[in-house]
Amino acid sequence: MRRIAWLLLFLASPAVAAVDPPVPIDPEEAVALIAEVDASKYEGADRLIVFDRTEVDVEESGLSHRYEHRLVKVLEPEGALALASLRFDYDPASNVVDILAVRIHRADSTRVDVDVSDIRDATAPAHLIYWGGRMVVLGLPPLEPGDAVESIIHKKGFQIAYLGAEGAGEEDERYIPPMRGHFYDVVLFRDALPCAEKTYTVHLSREKPLQYSLYNGEVMSSLTFGDGTLVYRFWKKDMPALPHEAKMPDASDFVPKVVMATVTDWEEKSRWFYQVNEDRDIFGWTPEIEEEVRKITRGLKSEDEKIAALLHWVGQNIRYSGLNMGEGEGYTLHPGTMSFRDRCGVCKDIAGMLVTMLRAAGYPTFAAMTMAGSRVERIPADQFNHCVVALQKEDGSYLMLDPTWAPWNNPIWNRWEGEQNYVIGTSEGEDLMMIPAFAPGDNQLDIVSDAKIGKDGALEGVLLLEGKGALDGRIRSAAADRSKRDVEAGIETWLAAISPRAELVDYTFSDPRDFTINSRLRIEYRVPRFAELLENDLVYRSPALRFIAENERLSRLAYVPDNEEREQGVFVWGPQTITIRETIQLPSGYKAEEPDDVSVDEAIASASLDWKAAGGKLTLIGEGVLEKRQFSAEEYPGARKARNAIVDASKDDLFAVR
């Protein structure tokens, strides 16, 4: 799709925004700005944002016009390659993107105006969610270090935190936000690129004041009066690039940010979410759905059994695949009848299916918005990326259910999602709430290892694994919906940690479809030449410790990164306890030497390994505990110490003599 020149576009618009579109800066000013920034302050960066200026004009309907004016300087050849093109994604059902102007400022002070009509409008890549997203791409002339790219972008519409952007004349109606007349935004003041100056300005009617709050550090702000408007301005200078660190929390949890909204409180947001779905009869059911509910719950006596059965039916039968239903996609749930027919949807639709079936079974149930993986602030801006279910109990409290996570997991709520904020949509309106923190024992993995070393040094062993909470799902999903070949390949990958020569002999899973028990896995294996036979000594290692010490899939302690220094905290999704009981039987005539015990007891994590040698047998009783799903950089050394205690012990040689 080709765009007409930006000036004609705005002259022809039936609803011209009150804010004048920005224009490219004066060439002499550009030269001065580009020369003024001290690239040496941002060592290691291949590009530098000289300025990033966003101006938002909000109409009475809530329709927003957003102008993004950026100047980016190339510092290294890699930066020039990264700026070979500009790409902007949009959802044609809810917003539009127009590239108004792009200018190249050369290092020799010359300039090149890029033809912005020469864009390519194409389908955006998609995975699991197929809502018709598109992208506009504009190729740029070859760049060299010292050059700079200036761009001016206009965006019209609104943005939903759930997926991406969603959106006065009649043609603009679809770009008005679902909470008509309201505006919200969350603005981060640190990014992957260093930035010399970032400014965000929003213009609203004086009858529609904006509440906001600043988090995670300093951001300057001002409120001034415009011509019948309130002008809010936020800015920050000299922001270094945000370095990526393994397992760091979501940037919004620690980067300086502004959260803003015209919505009064979370209760208002709750009532809107309730009404927008009830008005469409999203949770109505048919005789076919009612019959399926009866079939699922037949023979079950307790309420808990019935609720769990319906949860797992939805989890196992509504696959995660998002199709576009048209109007309302992204912020309203698919009708339960549609999801029942299509057998697919994203989290909001899967949640809607469970609400429908629970209501058909007679339970007062509601949809709820939540944010998986990061914090939701008190300002009632849309900060959600996930949808779950709230069942109201007789005492008025709520039982929270997550059917999207339920496939091949027996808990009714994701054990990786403790301390997670949510808002339930009800007619009365609910405040922002939080899931309680889970204890390490809620995600427990028990390992029982029975190992025997033969006279030739070969190891024959059996591992018994039992998982609880999130670890139930990790073990259960290793067998569920997989071919025999894939199951065996997965187990062999785990066994390779014991030795690259490990051979899978046999394995047995508990029934992955039985959600009334914790999942169990029995692995029988052998390792040729596992132990080293010296003249009078036998050298070997603990199979159980080798198996689990660095297995990030099964161990949260293993998931903790191993860094000497760290700037940010660590996010591991959930606490965990691991217990180990191991017996190693030595060849006849050998006597085990008893290793030193290991004991690490930090506030954030602990590790203990107690060894006992008795003749030709060595036993180990071990435990590793990680206390929290997220912890600070100050707490990190304690977690790393516990992690490395187990890793180091797994690499230590054990000895026996004869």
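The values are calculated or read from the model by the stated rules, or taken from the named source; none is laboratory data. Fair warning: this is a prediction, and the values are worked out from it, not measured in the lab. All Cβ positions, even for glycine, are placed from backbone atoms using ideal geometry, and neighbour counts span all protein chains on display.
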Looking only at segment 459-471, decide whether some residue is part of a strand (DSSP E or B), of a type outside the set (A, V, I, L, M, F, W, C), within 36 Å of the chain's Cα centre (by Cα) and farther than 30 Å from Glu419 by Cβ. no
Note on Glu290: of the conditions (1) part of a loop (DSSP other than H, G, I, E, B); (2) surrounded by fewer than 19 Cβ atoms within 10 Å (Cβ to Cβ), unmet is (1)
Filter segment 525-540 for residues that are out of contact with any Ser or Thr (no Cβ under 7 Å at 6 or more places or on another chain), surrounded by 15 or more Cβ atoms within 10 Å (Cβ to Cβ) and at pLDDT 95 or above; which is farthest from Leu654 (Cα to Cα)? Tyr525
Test: residue in segment 483-504 that is touching a Ser or Thr at 6+ places or on another chain (Cβ under 8 Å), surrounded by fewer than 21 Cβ atoms within 10 Å (Cβ to Cβ), assigned to a strand (DSSP E or B) and at pLDDT 95 or above: no
Here is a list of conditions, (1) farther than 30 Å from Glu419 by Cβ; (2) surrounded by 20 or more Cβ atoms within 10 Å (Cβ to Cβ), and Leu626 meets all of them except one; can you say which number that is? (1)
Just checking, how many residues over segment 32-53 are under 20 Å from Leu81 (Cα atoms) and small (Gly, Ala, Ser)? 3
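Tell me, which strands (runs of 3 or more DSSP E) lie completely within segment 191-260 with 1 or more residues that are among the hydrophobic types (A, V, I, L, M, F, W, C) and farther than 30 Å from Val572 by Cβ? Spell out how you get there, then give the answer.
Working: elements: 195-205, 211-215, 220-225, 229-239.
Qualifying strands (runs of 3 or more DSSP E): 195-205, 220-225, 229-239.
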Reported set for segment 375-396 where residues are surrounded by 18 or more Cβ atoms within 10 Å (Cβ to Cβ) and either aliphatic (A, V, I, L, M) or more than 29 Å from Ser252 (Cα to Cα) (or both) is Val376, Ile379, Ala381, Val388, Val389, Ala390, Leu391
Anything in segment 601-615 that is at pLDDT 95 or above and not aliphatic (A, V, I, L, M)? List them, or say none. Asp601, Glu602, Ser606, Ser608, Asp610, Trp611, Lys612
For the subset of segment 36-82 comprising residues that are assigned to a strand (DSSP E or B) and among the polar types (S, T, N, Q), which member is modelled with the highest pLDDT? Thr54
Meets criteria (surrounded by fewer than 18 Cβ atoms within 10 Å (Cβ to Cβ), assigned to a strand (DSSP E or B) and assigned by TED's automatic domain parsing to the domain that holds Ser374) for Leu399: yes
Identify all residues within segment 464-482 that are modelled with pLDDT under 95 and of a type in the set (D, E, K, R); write none if there are none. Asp481, Arg482
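Return the residues of segment 253-265 that are farther than 13 Å from Tyr212 by Cα and either surrounded by fewer than 20 Cβ atoms within 10 Å (Cβ to Cβ) or of a type in the set (Val, Ile, Thr) (or both); say none if nothing qualifies. Reasoning before the result, please.
Step one: list which residues in segment 253-265 are farther than 13 Å from Tyr212 by Cα, which gives 253-256.
Within segment 253-265, Asp253, Val255, Pro256 qualify.
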Any idea which of Asp108, Asp98 is in contact with a Leu (Cβ under 7 Å, 6 or more places away or on another chain) and either more than 30 Å from Leu323 (Cα to Cα) or modelled with pLDDT of 95 or more (or both)? Asp98
Among the numbered criteria (1) under 29 Å from Pro403 (Cβ atoms); (2) surrounded by fewer than 18 Cβ atoms within 10 Å (Cβ to Cβ); (3) in contact with a helix residue (DSSP H, G or I) (Cβ under 7 Å, 6 or more places away or on another chain); (4) assigned by TED's automatic domain parsing to the domain that holds Leu586, which single criterion is violated by Ser427? (4)
For segment 352-373, check the following and say yes or no: at least one residue is within 27 Å of the chain's Cα centre (by Cα) and at pLDDT below 95. yes
Hey, any hits in segment 366-380 for a residue that's within 25 Å of Asp514 (Cα to Cα) and either assigned to a strand (DSSP E or B) or of a type outside the set (Val, Ile, Thr) (or both)? no
Within segment 512-521, does at least one residue satisfy the condition of being out of contact with any Ser or Thr (no Cβ under 6 Å at 6 or more places or on another chain), assigned by TED's automatic domain parsing to the domain that holds Asp648, buried (at least 17 other Cβ atoms within 10 Å of the Cβ) and assigned to a strand (DSSP E or B)? yes
Residues located in segment 586-619, provided they are closer than 25 Å to Val572 by Cβ, surrounded by fewer than 22 Cβ atoms within 10 Å (Cβ to Cβ), more than 29 Å from the chain's Cα centre (by Cα) and hydrophobic (A, V, I, L, M, F, W, C): Val598, Val600
Scanning segment 103-146 residue by residue, those of a type in the set (S, T, N, Q) and either within 26 Å of Val346 (Cα to Cα) or touching a Cys at 6+ places or on another chain (Cβ under 6 Å) (or both) turn out to be Thr123
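Could you list all residues from segment 381-396 that are over 13 Å from the mean Cα position of the chain (by Cα), among the hydrophobic types (A, V, I, L, M, F, W, C) and in a loop (DSSP other than H, G, I, E, B)?
Scanning segment 381-396 gives a single hit, Ala381.
Among the residues of segment 89-126 satisfying the criterion of being of a type in the set (Asp, Glu) and assigned to a loop (DSSP other than H, G, I, E, B), which is surrounded by the fewest Cβ atoms within 10 Å (Cβ to Cβ)? It would help to see each step written out before you state the result.
Of the residues in segment 89-126, the ones of a type in the set (Asp, Glu) are 89, 91, 98, 108, 113, 115, 118, 121.
Retained after the next criterion (residues that are assigned to a loop (DSSP other than H, G, I, E, B)): 91, 108, 115, 118.
Details: Asp91: 25, Asp108: 10, Asp115: 8, Asp118: 11.
Only one residue tops the list, namely Asp115.
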